[in-house]
Amino acid sequence: MKNVKIDDLEKQTLLAQKELISIEHEGKTIGYYYPIGDREVAKKAKEELDRITEKTLHPTGLTEERIAELRSNLDYEAAKKAAEKLDILMEQILAQTGLTEDEYVSMFMNATEDEE
């Protein structure tokens, strides 16, 4: 992870924030800022994240840099539109079948369990 000195960022804006900030450049998300209150808690959380990342990435051969590269190529607007279309399709299916969303999902969960 790259560390950036606070002098390189908008101090007043960042220091006043209490919630996650999405950082955008030219209309695309390039990162996130997570304000920390308790430095010791933040340090432990970072260590745990590093352990999880190492366990997860090592078997796949992926690196943090490769994941960042893949994320930078994602078209978030297209993904959002696709999710909206899927939501509409789900509403249509539920209306036509009379099923609840849980009932519909359980049909697939049961089929998966039967295959095992």
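The values are calculated or read from the model by the stated rules, or taken from the named source; none is laboratory data. Keep in mind that this is a model prediction, so the values were computed, not measured. Cβ: placed from backbone, ideal geometry, glycine included. Neighbour counts: every protein chain shown. When the accessible area is computed, the model is the full protein with side chains, heavy atoms only, and any ligands, DNA or RNA have been set aside. Shrake-Rupley method; radii C 1.70, N 1.55, O 1.52, S 1.80 Å.
Quick look at the values:
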| read-out | value |
| --- | --- |
| Filter result for residue 94 (in a helix (DSSP H, G or I) and either open to solvent by less than 90 Å² (accessible area, probe 1.4 Å) or out of contact with any Leu (no Cβ under 9 Å at 6 or more places or on another chain) (or both)) | yes |
| Residue count for the stretch 17-38, restricted to those that are open to solvent by 60 Å² or more (accessible area, probe 1.4 Å) and in contact (Cβ under 8 Å) with a residue 24 or more places away in the chain | 2 |
| Test result for residue 104, of a type in the set (Ser, Thr, Tyr) and open to solvent by 100 Å² or more (accessible area, probe 1.4 Å) | no |
| Pairs where the first residue, in the stretch 42-57, is on the phi < 0 side of the Ramachandran plot and the second is open to solvent by 80 Å² or more (accessible area, probe 1.4 Å) and not acidic (Asp, Glu), C-beta under 9 Å, 6+ apart | 42/34; 42/36; 43/36; 45/36; 46/1; 50/1; 57/66 |
| Qualifying residue in the stretch 61-73 (condition: surrounded by 10 or more Cβ atoms within 10 Å (Cβ to Cβ) and touching a residue at least 60 places away in the same chain (Cβ under 8 Å)) | yes |
